[in-house]
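A short reminder: the numbers here are calculations on the coordinates, not readings from a lab. Being a predicted model, the structure only gives us computed values, none of them experimental. We place every Cβ from the backbone using ideal geometry, glycine too, and count neighbours over all the protein chains shown.
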């Protein structure tokens, strides 16, 4: 049994604070921030997050601004005389303010890069076998990759990072459904090693623009957060 490789799209999309979309966040900044879903628990490598949809890339960056569902449900029961409108407007204002710091990039890919498809049954079976002690015999479900257990996803990330194919090829990254935008698959690429700032796979920034210039995607992402 082995990992199943995902079909890598010819184009991926990314929002980043740097105009160089393949530049990894410096370790000194990562040390003071919360761990990401696919961060290495042993800090041997960094990762780049990309998405196969433009809107999904925006939602991933803005997802923490989503109003709590309970609050939205309460607002729906109130006869709004204008007093509560500002709470929704503030989400859009906060989103646009954050995006002033970001660039939006269309990335060209090498479709032959080996990226593990975590949704594939064979990949999940491989994870079950290799992380049997950590899992205690329980099966791995697709939802485990989009849940809040970052200890688990970190171990999966490292497992794929250290694995090789029968031909001794290393995997460039992994693919899993976005936890925030159901129609988006996120492709996470590995750094080749600590502080190399080199990707294992191939990504080339084809077009780079300030994030706010892509207003249609900004609007669609905000609407998604408020839906």
How much length would be gained if the chain were fully extended between residue 192 and residue 206, taking 0.36 nm per residue of separation minus their Cα-Cα distance, in nm to one decimal?
2.9 nm
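Okay, helix-only estimate at 222 nm for the chain: each DSSP H run of n ≥ 4 adds -39500 (n - 2.57), divide by all residues, round to 500 deg cm²/dmol; what do you get? Present the calculation step by step, with values, prior to reporting the outcome.
On the way: 8 runs with 75 residues, N = 227.
After summing the helix terms and dividing by the residues of the chain, the value is -9500 deg cm²/dmol.
Work out, step by step, the length gained on full extension between residue 43 and residue 166: first 0.36 nm times the residue separation, then minus their alpha carbon distance; give nm to one decimal. Could the numbers behind the result be given before it?
Working: separation 123, 0.36 × 123 = 44.28 nm, distance 2.61 nm.
Net length gain for the segment: 41.7 nm.
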Taking Cα atoms only, helix 150-162 is inclined relative to the longest principal axis of the chain by an angle, in degrees rounded to 10, of 40
Inter-centroid distance (Cα atoms) of the stretch 134-164 relative to the stretch 14-43, Å:
20
Ranked output for segments 47-59, 22-34, 102-114 by mean other Cβ atoms within 10 Å, highest leading, reads 47-59, 102-114, 22-34
What is the helix-to-structure angle for 121-130, meaning the angle in degrees between its Cα long axis and the longest Cα principal axis of the chain, kept from 0 to 90 and rounded to the nearest 10?
70
Any idea what angle helix 215-226 forms with the longest principal axis of the chain, computed on alpha-carbon atoms, 0 to 90 degrees, nearest 10?
80
Shape verdict for the stretch 148-190, please, from the Cα gyration tensor: rounded (a/c under 1.5), prolate (a/b greater than b/c) or oblate.
oblate
Suppose each label sits 7 Å from its Cα in the direction of the beta carbon; what would the residue 111-residue 129 distance come out to in nanometres?
3.0
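Please give the direction-averaged projected area of the C-alpha convex hull for the chain, in square nanometres with one decimal. Intermediate results must be reported in sequence, preceding the final value.
Details: hull surface 55.7 nm².
Averaging across all directions leaves 13.9 nm² for the Cα convex hull.
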